[in-house]
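Right, one structure below, let's go through it.
The values are calculated or read from the model by the stated rules, or taken from the named source; none is laboratory data. The structure presented is a predicted model; accordingly, all values stated were derived computationally and were not measured. Because the Cβ atoms are built from the backbone with ideal geometry, glycine has one as well, and the counts that use them run over all protein chains shown.
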């Protein structure tokens, strides 16, 4: 286990460096003019441009700037935005909001997606199974950029069940509808994945053996089928947690939720390169940690798995 963890940490470091290098390159080498973006429509004099270029290290070679960025990250210094605000403070304010939003989306996915998938897998070919399959196809076919405004119009303007937008310090109630919208695609995917996994395990030899020995149906499903079906589901949920945090850009923008996705969208619009790179770096770390936790959970769900 120790050697496995060391190997995984080394892999995580290499993936983090490669990912941040690509993002850093795209933002600084192919982006626009950050100094003009900071000034807006106002003209920038040559003296101001020279001062800002030195202030933000834009006069240094690319690799030197990237190395300085990595060095600052080791000291938990994410730099400052083009407006001078520490990126660390922005993350501290926005991250709890996105965590709440992602938690609501994951709970919706587990309660509705996984539960419906288990029932559909057990009752394959039934009316419930066919209905859920059709529903998931409809949901998967609607992108979040369409689903979010549609849900906002129906549930906040027409029926007035939820607030139209979130406040500066949103409550759980204000995040319920954005969380459901964010988790809708995950619900559809989790339902289909769970259904396929449960159906496959129901036809496995060990299930037929357990039934031939007289084991009750509930015990067969609870111990043998569900436990073996959980491995791909846990993998999906672990990776999806990171995806939900990164994919909240559209949802948070539509519902004005002041989370990480909202800040990332704002950074892209204003060409605030340090802010975008800082947020993306944190999201990469979240992805890597989530994948590591999922891999470690494999051994808990299936004792046959050992890490060497």
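Here are the numbers for this structure:
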{"item": "Test: residue in region 61-84 that is over 31 Å from the mean Cα position of the chain (by Cα) and part of a loop (DSSP other than H, G, I, E, B)", "result": "yes"}
{"item": "Lone qualifier among 58, 82, 26 - being within 26 Å of residue 257 (Cα to Cα) and either touching a residue at least 40 places away in the same chain (Cβ under 8 Å) or not assigned by TED's automatic domain parsing to the domain that holds residue 278 (or both)", "result": "82"}
{"item": "Checking residue 138 against (1) in contact with a strand residue (DSSP E or B) (Cβ under 6 Å, 6 or more places away or on another chain); (2) in the same structural domain as residue 172 (by TED's automatic domain parsing), the condition it does not meet", "result": "(1)"}
{"item": "Residue match in region 192-205 (condition: touching a residue at least 60 places away in the same chain (Cβ under 8 Å) and closer than 30 Å to residue 265 by Cβ)", "result": "yes"}
{"item": "Conditions (1) loosely packed, with under 14 Cβ neighbours inside 10 Å; (2) more than 30 Å from residue 139 (Cβ to Cβ); (3) without any contact (Cβ under 8 Å) to a residue 12 or more places away in the chain: number failed by residue 1", "result": "(3)"}
